[in-house]
1. Distance in nm between label sites at Ala120 and Thr25, each 7 Å beyond Cα in the beta-carbon direction?
2. Find which of Thr492, Met397, Thr419 sits farthest along the positive direction of the dipole of the stretch 391-507, computed with +1 on the beta-carbon of Lys and Arg, -1 on that of Asp and Glu, about the Cα centre.
3. Measure nothing fancy, just the Cα-based angle from helix 427-437's long axis to the longest principal axis of the chain, in degrees from 0 to 90, nearest 10.
4. As a test of the formula, what do you get for the chain when each DSSP H run with n ≥ 4 contributes -39,500 (n - 2.57) and the sum is divided by the residue count, at 222 nm and rounded to the nearest 500 deg cm²/dmol?
5. Out of Pro501, Ala228, Val463, whose Cα points farthest toward the positive end of the dipole of the chain (charges: +1 Lys, Arg; -1 Asp, Glu; placed on Cβ)?
6. Suppose each label sits 7 Å from its Cα in the direction of the beta carbon; what would the Arg200-Ala37 distance come out to in nanometres?
7. State the volume of the convex hull built on the alpha-carbon positions of the stretch 3-166, expressed per residue in Å³ and rounded to an integer.
8. Treating only the Cβ atoms of Lys and Arg (+1) and Asp and Glu (-1) as charged, compute the dipole magnitude of the chain about its Cα centre; round to the nearest 20 debye.
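Each reported figure results from applying straightforward, stated rules to the coordinates on display, with no laboratory input. In this text the structure is predicted, and so the values were computed from the model without any measurement. No Cβ is skipped: glycine too gets one built from the backbone with ideal geometry, and neighbour counts run over all protein chains shown.
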Amino acid sequence: MTGARALVETLTAHGINTIFGIPGTHNLAIYQELDGAGVRCVTPRHEQGAGYAADGYARVTGRPGVVVTTTGPGVVNAATAIGQAYSDSSPILLVSPGVPTGHPRDGRGYLHESRDQSRAIGALCDWSHRVTSVREIPAAVARAFGHFAEGRPRPVHIEIPADLLDLEGHVKIVPPYRVMPREPDPRALDEAAELLRAARRPGFVLGGGAQRPGSGEPPVGRLAMRLAERLGARVVTTVNGKGAVPESHPLALGATLHLAAVRRWLAACDVVLAVGTELGPADLWEDPFALTGRLVRIDIDPGQMHGDHVADVAIVADAERAMRGLTERLGGRLDDRLDGRLNGRAGGQGDAPGPEREPGVGHETELQDLVRRWSGQLAALRRAMPPETVVVGDNSMFVYHGALVGMPMDPPGRFLFPTGFGTLGFALPAAIGAKLGQPDRPVVALAGDGAFQFTLQELATAVELRLSLPIVVSLNGGFGEIREEMVARGMTPVAVDLHAPDFPALAAAFGARGLAVKTPGELEEAVAEALRAPLPTLIAVPEGE
């Protein structure tokens, strides 16, 4: 079979039925085979949008998002989204043609030629591999899917020389292979349990590794809250961990790790259990950050054990299995419901001293000051959205100062955000991917007007797909956060005040619905109506009340 057919048959053998990408001269053989295999081809208006859409799809489904581009500019256009997926550990497979085999290293002016396409994208993903024969293609694809299943699921790139796509060869399709979850070391679990049992001020931090894609309650978060009830421990999440635990629970602090009071509380804990998180500057919004207590880390990535915060007890394993083992050792419940009370030793079980009782972490005033600007709008959004809503936020003040902490979320709700790499333009295309991945689940995109303009062309994609998708755009006249940072430096704001289009009219020009609202009540009504509409709805709202 041809190289293109070998690629598509291996993708479908691994359960892929949707790809995101843009056809071009060099990848037409791939698209020919995709059409014949019944794979849905989603065509964003820019390859960056394809990457973000694949990311959103992967985060809510747990299945790898697949992006197909053409050579050169197609690959480079997707690079920003690939860098974001690497930062947030999203399983994305980027497939592209490359210059033909035998192409001279110094080039000869081939269409879309670059000096070293594979090496360029390889600097932003976990690995990039250029195949050298038709028979190698299935093995390369199987390697990618094995990589996603075995450990930290970061994006990868496979480059297929353009001439191999139409070249025939003897090929054996490589089927998926079963990967068993990594079991925790019992001795490490024993040691961690002893530390937690003796702790007087325990604290838990849950990151993106505590999430499980899908529409149910993440099992790691459920186990963490049961263990927290047993120990009287408070639980905070990173941005990517938001939605892993019920933020309505009295022991849950929400995604407030970046608040100064919460960091002080965490630094004062005598034992910290960190699950599936880097504890990096992008999570803490502070660098450096020091812990004074003992640190237990659970992570599938062994590299995390000796990062900025070296583990006193390192548990390199599947997070659910590790948390189940800890809960069993500490006498926590495994299968019954959370009751929202402080149970366990704090309630008088056993002879060991219980954890210290504190009236609170003291972050409430800081939180209220942070979200005051948007509090009415955030309350309106909470009222309008069903509990299972997937909220997709952009790197905008409305989101990371507002919705992140001012819009509490309980499972099965999800919160998708471009952490770490910190790109702009994520919300709309990622929301498209999330909606395609789980079409029966409500999805809402939130963005500032500056970030939204990075990828606003994807309105056309959402209209073409006839997605019911509210897109709330907060208007602050450009790059509000950078404007405020300039003022704080004593600068005169420069290059941050942007001319904005008439957003509702722009939406109408794309064939979407467009609304301008002013009050929280109008916003609530508009979002509720948009969730019932058969097309995307852009809702423009002035920043603040």
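1. 1.6 nm
2. Ranked along the dipole, the leading option is Thr419.
3. Approximately 80 degrees, to the nearest ten.
4. Calculated mean residue ellipticity at 222 nm is -10500 deg cm²/dmol.
5. Among Pro501, Ala228, Val463, the one farthest towards the positive end of the dipole of the chain is Ala228.
6. 6.1 nm
7. Dividing the Cα hull volume of the stretch 3-166 by its residues yields 94 Å³.
8. Charge dipole, the chain, about its Cα centre: 800 debye, nearest 20.
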